[in-house]
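Here the structure is laid out as structure tokens; the discussion comes afterwards.
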Amino acid sequence: MARKSMAAEPYELEFDPTTTALLTIDMQRDFVMPGGFGEALGNDVRQLQVTIAPTQRVLEVARKLGMTIIHTREGHRPDLSDCPPTKLVRGKGKTHIGDPGPMGRILVRSEIGHDIVPELYPKPGEVVVDKPGKGAFFATDLELILRDRGIKTLIVCGVTTEVCVSTTVREANDRGYECVVLSDCVGSYFPEFQEAALAMIKAQGGIFGWVSDSKRAMAALSAG
Ligand code: TIU
């Protein structure tokens, strides 16, 4: 497939769709719906729901092109043996990881709340990476999967921009992957963090990568 060019900041990103993966980070009910981990941390989760529709549109285009699609989920084993004690108690909140909630045990694998929202649900053949941390490379086989497929570029969507998205982009950048983050497909509970996180990625000539948006990404992917 021919190389493509995506309008982005700080400058155009050249990429080949055959060596590019769409990476959706933690689009789980626990972060975007009431009663999950995001709300347990004291956040207004409705602010993240705006990312679903544009991400769905990019996902459709990527599926049509037959691109590698990878979904991540943050969460833990039912016995919480992979959850650092520090993470369990952080925040001094009333509700913790592993506690029962309206969508099952909070941030525990195989519970409804831990799973991906129906609009973005993985199709057969798409990769799902379960991760215990904020970064998608920490204690997972993501790097092996990307290497085996010859992936060089990541189009990044998901939540939250300054936490799991930024951590993953920084991990990926250090491993030599080129990342473009789509601004309307990533969301934060804090508008000021959204703005700052995106600014940090593209500053200094793209110190961590590029920032574009769903429209420009779809235009690039759909171009002949
Ligand atoms: N709290 C917050 O903003 N995010 C997380 O805990 N995880 C992810 O970003 N996925």
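The values are calculated or read from the model by the stated rules, or taken from the named source; none is laboratory data. Computed from a prediction, not measured in an experiment: that's the story for all the values here. Reconstructed Cβ throughout: ideal geometry from the backbone, glycine too, with neighbour counts over all protein chains shown.
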Under 6 Å between Cβ atoms, which residue pairs at least 6 apart in sequence (or on different chains) link something in region 121-141 that is more than 16 Å from Val163 (Cα to Cα) and at pLDDT 95 or above with a partner that is of a type in the set (S, T, N, Q) and away from the ligand (no atom under 12 Å from the Cβ)? Val129/Thr140
Pick from Thr95, Thr51: which is within 14 Å of the ligand (Cβ to nearest atom), touching a residue at least 24 places away in the same chain (Cβ under 8 Å), not in a helix (DSSP H, G or I) and not small (Gly, Ala, Ser)? Thr95
Which residues, counting only those in region 112-130, are farther than 18 Å from Met67 by Cα and either in contact with a Ser or Thr (Cβ under 6 Å, 6 or more places away or on another chain) or in a helix (DSSP H, G or I) (or both)? Ile112, Gly113, His114, Pro118, Glu119
